[in-house]
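Everything on this sheet refers to the single structure shown next.
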Amino acid sequence: YKIDEVSEFSAGPADEVQLDRLFELALNLGLVELVPPGWTPGAKDVARSAPSVSADSGAGETQVADEAPGAGAAEASGNSAEAVPTVRVTNKDGGCSAAQLQTRRRNCVDTLRDGSNGPHMRVLPAGAFVMGSPDHPEDEPVRDVSIPTPFALSVFEITWADYSLYCRGAGVQCPAQPWPDDGMPVVNVSWHDAVAYADWLSVQTGQTYRLPTEEEWEYATRAGATTEYPFGDVLLPAQARYSSITTYDAPLPTSDRTTQRNDFGLWHVVGNVREWVAADWSPDAEAPETKVVRGGSYASDAGELRCSARAGMPAVARDDKTGFRLLREL
């Protein structure tokens, strides 16, 4: 479990060192099946067991090599196991790249100017899907949507730990939070607050962060599913944080694994807290500053958590049920 967890969230050399130690421990315990073929002690920054690929990338982008360090060492030491070529992914800025789609390592982080990490991101592929639901005409009209380029989306909703770095760095007043855990999603933030944080993060990292569009949000949430929810046409209480059998008064933190992530590896895409997106709720001239929220919250019923469900909120509104996640352009 620990190997899977560290592999999933590895985003820098320190995590790779931890993986090396876990693999060494597994070998010492005789759990050979947990160690990727071709891995040898001392290999660092390796996305292991991935096929060999190559890619062109510019300065500061992810570099993809043909073979992991140490692959030849297994043969030189007389190890009869065949050395399997692996992919080495390094980035001097620790950032995200579409080249990661050719490896098993999809998570990444950008580094802020003070050396701290930005939000954990997940690189998603380009694709196409059918947006909306034919059974719910109150949602967006059913239509074919193409997502032409890969992008990265935050694995969780932006947390209080993420947002408080912005408050300190930008010198803005942080909103009061109802829960003490740093891993809780930040709430009591308006649409304008979310956009301001994305702009600050873009300056800090030199990359483009923004709220996802409705199309990008639904594409990422569905992760290939054509059903009402990312997990099927019926939502089970154990799959998301929402009020069904039990009425909840708080979301889950990033440390919690009692719900289910979707097939893109994103957590809490429905339920937990509803999320601001880059879309206007209505073209009505009397309400030009009404924006869209998606996904429902811990206080919502199952109907509000459908992939295609949407709601409108004033852009200046703040409450303890609404947060956001960010998209990073690649």
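The values are calculated or read from the model by the stated rules, or taken from the named source; none is laboratory data. The structure displayed is predicted, hence computed values, not measured ones. Glycine gets a Cβ as well: all are built from the backbone with ideal geometry, and neighbour counts include every protein chain shown. Protein only, heavy atoms only, side chains kept; ligands, DNA and RNA dropped before computing areas. Shrake-Rupley method; radii C 1.70, N 1.55, O 1.52, S 1.80 Å.
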Exercise for the section: Check segment 296-312 and report whether any residue there is touching an Asp or Glu at 6+ places or on another chain (Cβ under 9 Å), free of Cβ contacts under 8 Å to residues at least 24 places away in the same chain and part of a loop (DSSP other than H, G, I, E, B). Expected result: no
Exercise for the section: Just give me the residues in segment 258-292 being open to solvent by 70 Å² or more (accessible area, probe 1.4 Å) and either at pLDDT 90 or above or not acidic (D, E) (or both), in sequence order. Expected result: T258, Q260, R261, D263, D280, W281, P283, A285, P288
Exercise for the section: Answer with yes or no whether W217 is part of a helix (DSSP H, G or I), hydrophobic (A, V, I, L, M, F, W, C) and closer than 26 Å to Q102 by Cβ. Expected result: yes
Exercise for the section: Return a yes/no flag: does segment 241-257 have any residue that is exposed (fewer than 15 other Cβ atoms within 10 Å of the Cβ), more than 17 Å from the chain's Cα centre (by Cα) and not in a loop (DSSP other than H, G, I, E, B). Expected result: no
Problem - Lone qualifier among G169, G183 - being farther than 14 Å from P119 by Cα and in contact (Cβ under 8 Å) with a residue 40 or more places away in the chain - result: G169
Practice task
Looking at (1) touching a residue at least 60 places away in the same chain (Cβ under 8 Å); (2) surrounded by 18 or more Cβ atoms within 10 Å (Cβ to Cβ), find the lone condition where H136 falls short.
Solution key: (2)
Exercise for the section: Working carefully through the options D162, D144, find the one that is more than 24 Å from A302 (Cα to Cα) and assigned to a helix (DSSP H, G or I). Expected result: D162
Exercise for the section: State whether the residues of segment 132-144 include one that is closer than 30 Å to W281 by Cβ, in contact with a strand residue (DSSP E or B) (Cβ under 6 Å, 6 or more places away or on another chain), of a type in the set (S, T, N, Q) and at pLDDT 90 or above. Expected result: no
Exercise for the section: Please go through segment 109-131 and pick out each residue that is open to solvent by 40 Å² or more (accessible area, probe 1.4 Å), in contact with a strand residue (DSSP E or B) (Cβ under 8 Å, 6 or more places away or on another chain) and assigned to a loop (DSSP other than H, G, I, E, B). Expected result: H120, A126
Handout entry: Condition check for D233: more than 30 Å from T208 (Cβ to Cβ) and open to solvent by 70 Å² or more (accessible area, probe 1.4 Å)
Key = yes
